[in-house]
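Participant: Okay, handing you the structure first.
Just so you know, all these numbers are worked out from the coordinates, no wet-lab data involved. This is a predicted model, so every value here is computed, not measured. So basically every Cβ, Gly included, is an ideal-geometry build from the backbone, and we count neighbours across all protein chains shown.
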Amino acid sequence: MVTKFSISERLAKRLKETRKSKGLSLEATANLSGVSRSMLSQIERGQSSPTVATLWSLTRALQVDFAGLLDEGDAGSTIKEIMRANRTPTIDSQGEGCRIRILSPPDQAGRLEVYEIRFAANGALISEPHRQGCVEHMSVLQGALSVVAGDEDAELGEGDTIRYAADVAHAIRATGAPAKALLIVYNS
């Protein structure tokens, strides 16, 4: 059995290698990217999973794309990646009473993003308009959710799917009980 690095372990290793290959210190990379030195150090040690925004800042500062940071060079392998549940990056700072798991590869950020969102009872994710033409596709996996996009709203139950413009202010709310959804964000 071949042991594969998790995405977080691979990212940590490649980020450090890329930074060093460019002759940059942690401090210099922090200054270029706007990511704190301590956060950068935690990411490189695999002690913290970066947000998409943090990854974006780091890849811009290091002048490398997301795929370049994750490339293992094993194009012949059928299984490209396994993201273990306990190592999947999450966002806890958005919304109220919701946890967002990032399921899509980092190199898809800004194009096609896939998230699992778990809502506590009455939890909400309220979003400002995304880029022009952005559409969100959401399927309710558990519970019931209310979606407001611009001036329109919809009530959804388990198994329902909705597609709506995300280039307007929009919100997703659990209606009473905990809920879970799969969210796909598509930027045309």
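Participant: Between the helical axis of 7-21 and the dominant principal axis of the chain, each derived from Cα atoms, what acute angle in degrees is found, rounded to the nearest 10?
Facilitator: Here the helix axis deviates by roughly 40 degrees.
Participant: Which value in deg cm²/dmol, rounded to the nearest 500, describes the helix-derived mean residue ellipticity at 222 nm for the chain, given -39,500 (n - 2.57) per DSSP H run of n ≥ 4 and division by the residue count?
Facilitator: Counting only the DSSP helices, I get -7000 deg cm²/dmol.
Participant: Neighbour counts of other C-beta atoms within 10 Å: give me Ile91, Ile43 arranged from fewest to most.
Facilitator: Fewest-to-most Cβ neighbours within 10 Å comes out as Ile91, Ile43.
Participant: Between (1) 27.2, 75; (2) 16.9, 51; (3) 18.2, 54, which matches Rg and Dmax of the Cα atoms in Å calculated for the structure shown?
Facilitator: Among (1) 27.2, 75; (2) 16.9, 51; (3) 18.2, 54, the one calculated here is (3).
Participant: Could you give the length gained on full extension between Glu27 and Thr161, defined as 0.36 nm per residue of separation minus the Cα-Cα distance, in nm?
Facilitator: Extending this stretch completely gives an extra 43.7 nm.
Participant: Compute for the stretch 89-186: radius of gyration divided by Kirkwood radius, i.e. Rg/Rh, restricted to C-alpha atoms, rounded to two decimals.
Facilitator: 0.93
Participant: Sticking with this structure for a sec: Among Lys13, Lys20, what is the fewest-to-most ranking by other Cβ atoms within 10 Å?
Facilitator: Arranged by neighbour count, lowest to highest, Lys13, Lys20 become Lys20, Lys13.
Participant: Using the 10 angstrom Cβ neighbour count as an exposure proxy, how do Lys16, Lys22 rank, fewest first?
Facilitator: Least crowded to most crowded, the residues run Lys22, Lys16.
Participant: Let me ask something else about it. Which angle between 0 and 90 degrees, to the nearest 10, do you get for helix 52-62 versus the longest principal axis of the chain when only C-alpha atoms count?
Facilitator: Helix 52-62 and the main axis of the chain meet at about 30 degrees.
Participant: Under 15 Å from the Cβ of Ala28, count the other residues' Cβ atoms, weight Lys and Arg +1, Asp and Glu -1, and hand me the total.
Facilitator: Its environment carries a net charge of +4.
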